[in-house]
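The values are calculated or read from the model by the stated rules, or taken from the named source; none is laboratory data. What you are looking at is a predicted structure, and each value in this text was computed from that prediction instead of being measured. No Cβ is skipped: glycine too gets one built from the backbone with ideal geometry, and neighbour counts run over all protein chains shown.
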Amino acid sequence: MQLLEALNWRYATKKMNGETVPQEKVDQILAAAQLAPTSSGLQPFKIIVITNPELKSKIQPIAMNQSQVVDGSHLLVFAAWNNYTAQRIDNVFAHTAAERGIPASTFEDYSNRLKGLYLDRPAEQNFEHAARQAYIAFGLAIAAAAELQVDATPMEGFDNAALDDLLALPQQGLKSLTLLPLGYRDAENDWLVSQKKVRMPKSVFLSQIA
């Protein structure tokens, strides 16, 4: 499917049928998210892939009892760094240098500038910056799922603190942002499946400065 056709096909699926998404398709969705652009290439977030039925059943009440959490075959949790640290920044550039076969010192000046920018800021400000990077990957994952005709339901309706505790995210320096169940629509039981897709008209949505 072409991208615009895929985006018109997709919708926020309200009822999934329990069918398993092939792992090869899940891998492609995750690859799209992994390739997302991020500020300074830091990729300050992590995606947790959950397929364990027992764990998903524990998450469902945390997520306002939304059925897609358990009826989807894969639940993706997007979690951002809770702060920038010197070690995290150094790790990113050390990995980049190793992959490119160049000295780690190549990035020393740049990484020091980033540390000067981030390390004196409040942790909450840095978390919000990291969260914005994660949302870019979140959007690409949704688009990739649509191209593969895999249904996905973006979710912010959950208790972040409870989910963080359940998944031990604070111990990993992470805070949850969004959920993305992957699965297939139950067309006979989903009230939204036949509804017209509605967006604000371009006359309102767009503003052009020539």
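What about Ala161, is it more than 13 Å from Phe78 (Cβ to Cβ), out of contact with any strand residue (DSSP E or B) (no Cβ under 7 Å at 6 or more places or on another chain) and buried (at least 16 other Cβ atoms within 10 Å of the Cβ)?
For Ala161, the condition - more than 13 Å from Phe78 (Cβ to Cβ), out of contact with any strand residue (DSSP E or B) (no Cβ under 7 Å at 6 or more places or on another chain) and buried (at least 16 other Cβ atoms within 10 Å of the Cβ) - is not met.
Which count do you get for residues in region 145-163 that are touching a residue at least 60 places away in the same chain (Cβ under 8 Å) and not in a strand (DSSP E or B)?
13
Would it be correct to say that Leu167 is in contact (Cβ under 8 Å) with a residue 60 or more places away in the chain, farther than 20 Å from Ala33 by Cα, in contact with a helix residue (DSSP H, G or I) (Cβ under 6 Å, 6 or more places away or on another chain) and among the aliphatic types (A, V, I, L, M)?
no
Is it true that some residue in region 119-139 is in contact with a Leu (Cβ under 7 Å, 6 or more places away or on another chain), among the small types (Gly, Ala, Ser) and either closer than 19 Å to Leu30 by Cα or free of Cβ contacts under 8 Å to residues at least 12 places away in the same chain (or both)?
Yes, that holds for at least one residue.
Which pairs have Cβ atoms under 9 Å, sit 6 or more apart or on different chains, and link a residue in region 9-32 that is modelled with pLDDT of 95 or more and hydroxyl-bearing (Ser, Thr, Tyr) to one that is surrounded by 13 or more Cβ atoms within 10 Å (Cβ to Cβ) and in a helix (DSSP H, G or I)?
Thr13/Gln68
Name every residue in region 33-56 that is farther than 19 Å from Val69 by Cβ and either at pLDDT below 95 or loosely packed, with under 15 Cβ neighbours inside 10 Å (or both), in order of residue number.
Residues satisfying the conditions are Gln34, Leu35, Pro37, Ser39, Gly41.
So, Leu140, is that one buried (at least 18 other Cβ atoms within 10 Å of the Cβ) and closer than 20 Å to Gly72 by Cβ or not?
Against the criterion (buried (at least 18 other Cβ atoms within 10 Å of the Cβ) and closer than 20 Å to Gly72 by Cβ), Leu140 qualifies.
Residues in region 170-192: is at least one surrounded by fewer than 11 Cβ atoms within 10 Å (Cβ to Cβ) and either in contact with a helix residue (DSSP H, G or I) (Cβ under 6 Å, 6 or more places away or on another chain) or touching a residue at least 24 places away in the same chain (Cβ under 8 Å) (or both)?
Yes, because at least one residue in region 170-192 is surrounded by fewer than 11 Cβ atoms within 10 Å (Cβ to Cβ) and either in contact with a helix residue (DSSP H, G or I) (Cβ under 6 Å, 6 or more places away or on another chain) or touching a residue at least 24 places away in the same chain (Cβ under 8 Å) (or both).
Is there a residue being β-branched (Val, Ile, Thr), more than 17 Å from the chain's Cα centre (by Cα) and surrounded by fewer than 20 Cβ atoms within 10 Å (Cβ to Cβ) anywhere in region 198-206?
Yes, there is a match, as at least one residue in region 198-206 is β-branched (Val, Ile, Thr), more than 17 Å from the chain's Cα centre (by Cα) and surrounded by fewer than 20 Cβ atoms within 10 Å (Cβ to Cβ).
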